[in-house]
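First the structure, in the form of structure tokens, and then the observations on it.
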Amino acid sequence: MDIILASRNKKKIQELKSIIEACGFAGKDATVTIHTPDEFPQCEEVEEDGATFEANAVKKAVYIFECSGMTAVADDSGLEVDALGGAPGVFSARYAGEVTDDWANLEKLLREMEGVPDEKRGARFVCCIALATRSGIKTFLGHVDGRLGTTPRGEKGFGYDPVFYPEGHDRTFAEMTDEEKSSMSHRGRALRELQTYLKEQGLIL
Ligand code: IMP
């Protein structure tokens, strides 16, 4: 089975690929081969103008499915901060401006959160995975609760990872290995739901 990942974000593709491979349904000796939009230059970038993670994930998956003719998996994700009424939410990638700049987004978030006490720094990462196939669309949601630190810590991961402490941990996502992050992350959880569905459908072993 061939699956195309509907993303041009290299770090996100890397993370999606490694979680899918760790789940055991792609990679060496497995039944799924992963493709990326680079192999289909005619497929353009999709504008993420939906009001929800689900709307954006579905839009990206459907477009790449129609454009490539291949079963497509798209991820739309972001950070919801309690003290900011759920912002940046669907605007997480463009919080500090139209061009995605992880560091500028992180600095803006820390500025907005200046002076907010520890007990009010709750946040969660949310991920919607959309699967587009010839039989239709399916979506899978995952989230992870946590809190925001006041200074960035760690070099790994991407985006807001250096300030996000998942619940029950005293290290940020950026201080964890990929495997450790994926075992509890919003993306890991949503992808494991996808894996269960593909198994139930008999599409993978
Ligand atoms: P999009 O799904 O391409 O719209 O981008 C999601 C944005 O949310 C990213 O650019 C990051 O800023 C943020 N984000 C989503 N998932 C993660 C994560 O696992 N770690 C850190 N930031 C994330």
- [ ] For the range 150-166, name all the residues that are away from the ligand (no atom under 16 Å from the Cβ) and at pLDDT below 95.
- [x] none
Open item on the list: Looking only at residues that are away from the ligand (no atom under 13 Å from the Cβ) and not in a helix (DSSP H, G or I) in the range 167-189, which one is most open to solvent (accessible area, probe 1.4 Å)?
Closed with: E167
- [ ] Go through the range 151-166 and count every residue that is in a helix (DSSP H, G or I) and under 24 Å from I20 (Cβ atoms).
- [x] 1
Open item on the list: Tell me the residue from V58, V99, V90, V62 that is modelled with pLDDT of 95 or more, β-branched (V, I, T) and closer than 28 Å to A174 by Cβ, please.
Closed with: V90
Task: Contacts under 8 angstrom Cβ, first residue in the range 90-110 being in contact (Cβ under 8 Å) with a residue 12 or more places away in the chain and part of a helix (DSSP H, G or I), partner of a type in the set (A, V, I, L, M, F, W, C) and near the ligand (Cβ under 8 Å from one of its atoms), 6 or more apart - done: V90/F53; S92/L79; D102/F158; N105/A93; L109/L79
TODO: Mind listing whichever residues of the range 193-202 are open to solvent by less than 80 Å² (accessible area, probe 1.4 Å) and of a type outside the set (S, T, Y)?
DONE: L194, Q195, L198, G202
Task: Single match in E45, E21, E114 (criterion: within 15 Å of the ligand (Cβ to nearest atom), of a type in the set (D, E), on the phi < 0 side of the Ramachandran plot and open to solvent by 20 Å² or more (accessible area, probe 1.4 Å)) - done: E45
Open item on the list: Filter the range 51-95 down to the residues that are open to solvent by 20 Å² or more (accessible area, probe 1.4 Å), within 11 Å of the ligand (Cβ to nearest atom) and among the small types (G, A, S) and list them by number.
Closed with: S77, A93
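The values are calculated or read from the model by the stated rules, or taken from the named source; none is laboratory data. Quick caveat, the model's predicted, so the values are computed rather than measured. Heads up, the Cβs are rebuilt from the backbone with ideal geometry, glycines too, and the neighbour counts pull from every protein chain shown. Areas reflect the complete protein model, heavy atoms only, side chains present, ligands, DNA and RNA absent. Shrake-Rupley method; radii C 1.70, N 1.55, O 1.52, S 1.80 Å.
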